[in-house]
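One structure is given here, and the rest of the page talks about it.
The values are calculated or read from the model by the stated rules, or taken from the named source; none is laboratory data. Computed from a predicted structure; not experimentally measured. Cβ placement follows ideal geometry from the backbone for every residue including glycine, while neighbour counts extend to all protein chains displayed. These area figures cover heavy atoms from the full protein model, side chains too; ligands, DNA and RNA do not enter into them. Shrake-Rupley method; radii C 1.70, N 1.55, O 1.52, S 1.80 Å.
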Amino acid sequence: QVQLAESGGGLVQAGGSLRLSCAASGRNTSSYGMGWFRQAPGKDRELVATIEVRSRVRFVENSMKGRFTISRDDAKNAVYLQMNDLKPEDTGIYFCAANHLFASLPQGEYDYWGQGTQVTVSS
């Protein structure tokens, strides 16, 4: 079993930055694809960014490209999401997830999920 715990969320003004962290425990996740997802109020959960094993491939959704960066530190069993130039539409709960195969698979095929961390961007 893998437990995932997100942190780093909070309230920030538009144009500001936040760095989310996802700490994994219970198993080494260096062989897992990892992803960040978010759910805005009243909307479905959507993909934000993914990173494959050994950071071979990184993907960021178009609307966040150039502003968000995903990274991982396998020595710390952690994944990060650096978010810059935040906009009010980035508000939501941000979830970290792990997939024992590939991060590029649909979110329904992810094996483990964290509880999420709230990000609120004020205008």
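What the table below lists for this structure:
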item: Count of residues meeting criterion [within 14 Å of L4 (Cβ to Cβ) and free of Cβ contacts under 8 Å to residues at least 12 places away in the same chain] in the range 37-75; result: 0
item: Pairs with Cβ under 8 Å, 6+ apart, first in the range 83-97 and within 12 Å of K43 (Cα to Cα) and of a type outside the set (D, E), second assigned to a loop (DSSP other than H, G, I, E, B) and open to solvent by 60 Å² or more (accessible area, probe 1.4 Å); result: T91/P41; G92/P41; G92/K43
item: Subset of the range 108-123 that is at pLDDT 95 or above and within 15 Å of E46 (Cβ to Cβ) - its residue that is least open to solvent (accessible area, probe 1.4 Å); result: V119
item: Some residue of the range 69-82 being in contact with a Phe, Trp or Tyr (Cβ under 6 Å, 6 or more places away or on another chain), open to solvent by 70 Å² or more (accessible area, probe 1.4 Å) and at pLDDT 95 or above; result: no
item: Residue count, the range 24-41 (criterion: out of contact with any Gly (no Cβ under 8 Å at 6 or more places or on another chain) and surrounded by fewer than 17 Cβ atoms within 10 Å (Cβ to Cβ)); result: 6
